[in-house]
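What follows is a short report on a single structure.
Nothing in this text is a laboratory measurement; each read-out follows from the coordinates by a stated rule. A quick note: this is a predicted structure, and the numbers were derived from the prediction, not measured. Neighbour counts run over all protein chains shown; Cβ positions are idealised from the backbone, glycine included.
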């Protein structure tokens, strides 16, 4: 069994959760402290790992519950290689919002103008160095 799969099993079974202090020693819940609760995102990630078991094994080098698991399934693996069950648990691709309000459009135009001005200044500076170098060569030729 993959180590990643063991992590998933542990995450799903609250009886396997163990609280530790800063030194890694087991400890009990403090008064008023709530037990570990998994976030909705974490629960979705667990569902994806379970539903995409064979895909992770075959296309993602068995990287269960790994930082690259979602990247592998959504970007490195062809959608045609995913089962319908697996594909159904993956996050939907965000569609680009083509409507841009006037304020954002003005901000974009301002940033574009600032980038262009910076690039022009760099080009002017580079151009000035080249002209100086050319000028020196001419002076040397005149002295000879």
(message) Binning at 5 angstrom from zero up to the longest distance, how are the C-alpha pair distances of the range 1-44 distributed in percent?
(response) 5, 17, 21, 25, 19, 10, 2, 0
(request) Can you put 19, 82, 73, 50 in order of Cβ neighbours within 10 angstrom, beginning with the fewest? (result) 19, 50, 82, 73
(request) May I have the convex hull volume per residue, in Å³, for the Cα set of the range 3-89? (result) 110 Å³
